[in-house]
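Report on one structure; see the data block that follows.
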Amino acid sequence: MTSAPEKRNYDAGLPSSNAPFNLCVRYGDLIFISGLPPFDAAYSAALREAREKGQPIPPFPNPPFEQQVRLVMDNMKKLVEAAGSNMDCLLKVIVWLRDQRDAEVFDRIYRGYFSSREALPARTRIQAGRTPLDCGLEVEAIGYVPKTKKRARRAAARKRRARPARRK
């Protein structure tokens, strides 16, 4: 009898903003990446402190859009790898842009995180009415953890054991 998959959370060492969710959840071979805004360590610390003290949330510093995209995509890559996967194993990505005019800049940077055109996941990209704290974008993803040879052999052995014996 096989046991149910465990739910595991990953933060890849990314700075916490003390928000009420996990950055990355792995369940079995599936991974779910929460919407990632472009919050660097300093801004995350300021958010965390404000939340812990019940103070107003500080305004987003709004660095250049390219810098925001790279921060989000670098953080996503760290989370995916911490969960045992890679960017080419993403199945679906959802992108919210503050301004759709930034789409070409986003796409140019985004493509660089995948090994080929064929590896690109399905994707939805929309202009949001508002993004969290009016940042330039937020990105979430769903993916899988590829089977290693060792895991594939274990899965095949479980399947063989589960089959009823054939009569001769």
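The values are calculated or read from the model by the stated rules, or taken from the named source; none is laboratory data. Please read these numbers as outputs of a predicted model, since none were measured by experiment. Ideal geometry is used to build each Cβ from the backbone, glycine not excepted, and the neighbour counts take in all protein chains shown. To get the accessible areas, we keep the full protein, side chains included, count just its heavy atoms, and leave off ligands, DNA and RNA. Shrake-Rupley method; radii C 1.70, N 1.55, O 1.52, S 1.80 Å.
S34 sits among other residues whose Cβ lies under 15 Å from its own Cβ, and their net charge, with Lys and Arg +1 and Asp and Glu -1, is +3. In the chain, helical runs assigned H by DSSP with n ≥ 4 each contribute -39500 (n - 2.57); averaged across all residues and rounded to the nearest 500, the mean residue ellipticity at 222 nm is -10500 deg cm²/dmol.
Considering only P63, P20, P146, the Gaussian network model of the chain with Cα springs below 10 Å gives its largest mean-square fluctuation to P20. Using a Cα distance threshold of under 20 Å, what count of lysine pairs results for the chain when pairs must be 8 or more residues apart or interchain? Count of close lysine pairs: 12. Rolling a 1.4 Å probe over the protein chains gives D88 an accessible area of about 50 Å². The local environment of M87, defined by Cβ-Cβ distances under 12 Å, has a net charge of 0 under the rule Lys, Arg +1 and Asp, Glu -1. Among E49, E104, E140, the residue with the largest mean-square fluctuation in a Gaussian network model of the chain, with springs joining Cα atoms closer than 10 Å, is E104. Given the options S85, S115, S44, which has the most mean-square fluctuation in a GNM of the chain, springs set between C-alpha atoms less than 10 angstrom apart? Result: S115 has the largest fluctuation of those listed. Which of the listed residues, L23, I109, P5, is farthest toward the dipole's positive end in segment 1-152, when Lys, Arg count +1 and Asp, Glu count -1 at the beta-carbon? Of the options given, the answer is P5. Average accessible surface for segment 1-148: 55 Å² per residue, computed with a 1.4 Å probe over protein heavy atoms with every protein chain in place. Atom-type composition of the exposed protein surface of the chain places 51 percent of the accessible area on carbon and sulfur (1.4 angstrom probe). The shape of the chain comes out prolate: with a ≥ b ≥ c from the C-alpha gyration tensor, a/c is at least 1.5 and a/b beats b/c.
What shape does segment 1-96 have by the C-alpha gyration tensor, where a ≥ b ≥ c are the square roots of the eigenvalues, rounded means a/c under 1.5, and otherwise prolate means a/b greater than b/c and oblate the rest? Cα axes put segment 1-96 in the oblate bin.
Give me the net charge for the shell around Y110: Cβ to Cβ below 11 angstrom, other residues only, Lys and Arg +1, Asp and Glu -1.
Here the charged neighbours net out to +3.
Between L36 and V139, E140, the built amide H atoms are under 5 Å apart, and every one of these is 5 or more places off in sequence or on another chain.
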